[in-house]
Structures are given as C-alpha cells and as structure tokens.
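The values are calculated or read from the model by the stated rules, or taken from the named source; none is laboratory data. Only a predicted model underlies this, so the values are computations on that prediction, with no experimental measurement involved. Here the Cβ positions follow ideal geometry from the backbone for every residue, glycine too, while neighbour counts run over all protein chains shown. Please note that ligands, DNA and RNA were not included when accessible areas were found on the heavy atoms of the full protein model with its side chains. Shrake-Rupley method; radii C 1.70, N 1.55, O 1.52, S 1.80 Å.
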Amino acid sequence: MEIRRQRPIYVCATRQHVGKTSVSLALVSHVTKRFGSQNVGYMKAVGQQCLRVWDKPVDNEVDDNDEGQYVIIDKDVKLIRDHFGLSHLQFADMSPILIPQGYTRSYLDGEISYDDQMSDIRRAYLNIQKSTRMGGAGKGGGNQSSITICEGTGHVGVGSVVGSGNARVAAELGADVVLVANGGLGRTFDELELNRALCMQYGVNIAGVVINKVQPDKYDQTR
C-alpha cells in the first residue's frame, strides 16, 4: 500500500502563553479524525518542562526481550500521546531534545554539539515517519496519508542560543509553519512580523496564522 506523506506542520507562537499547545491539540485532533491515529505523528523537537516516564516498546515492535526504559520528555508529549492514543510512537522520538537548567552552559562550553542535536532530531523524525507508515499499513486498503504535527517552544527564535531555534528546526524537517498570536492589532502585527522575518531567513514557508484569545467585541475588528 502506498503511503502519501504530507509535509509536517510546525506550530510556533509569537511569544509564550498565546495558546500554542491548544492549537497543537486541535490540529492533532483534526488529523487523527481524518487520517486515523495510527497515521499521525507528533513531536516536540525542543522541550523545556520535563517529566520522567516509562517508555516501553511500541505496538509494532516484535522484540519481546526489550521491556522498555525510563526516559525524560517534555510534559506536552505525554499529554498528547496519552490523550490521542498515539501508542505507535516512542516517547523518546517524540521529545528528542530537552533544555533543562545548565544545558545552555554545557552547549556554550562545547560539551554538547550542534551536529549531535540535529542528528538526534532527524533520527527521531525518521523514526516517527517509520512508525506512522507501519501503523497505517493494512488499515482500510488503498492509498493512506500520514502527517506529523511538530510543536515548537515559545516564539520562533527560542532555542537559538543552542543552535536549535524553532525556525531552524522547522527548516531542517522541511515543515510548514503555523504561527499563533494573541488577538489585537498593533502589537499582534508587530510580533507576527518579527517572527515571519526569522522564518524567511531560514526559508521556511508560513502555511497559516492563528489569532487566538480574541475578545468577542473585537472579533470583527481583528478579522
């Protein structure tokens, strides 16, 4: 069966707390209903707020001797994997890079390399592609489509200090970006323009913009 792989969608925000995770949840909800959960991938390539989880072999693994291991992941990864039943994905692939306290200093001191980070992100994304292809096989017949939703961290430039800014990672994955901004006029437009400029620098296509948290009496004006 032929798998038609859609370009990944990378969800970024103009700043913190504008609803990026809510938009990511909405997108994952939509694509799981459209393509089936087994054909959907999710990744938070660079995370910050961490938790420890047990990562057991995915459903399509055949090695019964591999019982799993504890891994540290971004908290949003567990939320989305559990809520949408993305059991065909490994936690470790969904959260390849974490930036806890002290990480930036280690990077600047040369203890962590840019190439290693990018290799981890690429490897994780390829594993997700493989898992969605295997997960969707044999379900319904005919052509199948699969897609991966990538959630960024903060605004487009977050992570740049360690060479893994959102725009750069989106370019590495060949993803289209969806920008999320708070409702308004002047400030909203200014923040969108700043983030758009960085996407343009890395040759990243902006597929759409979501204006979130619009006051009801300002809806027509904002639209």
Rounded accessible area per residue of the chain, 1.4 Å, Å²:
52 Å²
Positive-end extreme of charge dipole, the chain - chosen from Q117, N127, F35 (charges on Cβ)
F35
Subtract the Cα-Cα distance of R52 and Q6 from 0.36 nm times their separation in residues, and report this length gain in nm to one decimal.
13.5 nm
Carbon/sulfur accessible area of the chain, % of total, 1.4 Å probe, equals 47 percent
Karplus-derived 3J(HN,Hα), 6.51/-1.76/1.60, for each residue of the range 215-223, Hz, glycine and proline x
5, x, 6, 10, 4, 4, 5, 5, 5
Can you tell me the order of 166-177, 101-112 when each peptide is scored by its average per-residue count of other Cβ atoms within 10 angstrom, highest first?
166-177, 101-112
Calculate how steeply helix 186-201 sits against the longest principal axis of the alpha-carbon atoms of the chain, using the helix alpha-carbon long axis, and give the answer as 0 to 90 degrees to the nearest 10.
50 degrees
Simple spin-label estimate for V161/Y219, 7 Å along Cα→Cβ, in nm, reads 4.1 nm
Spin-label pair N212/S119, simplified geometry with 7 Å Cα→Cβ offset, distance in nm:
3.5 nm
Between F189 and K75, with labels modelled 7 Å along Cα→Cβ, what's the label distance in nm to one decimal, could you check?
3.6 nm
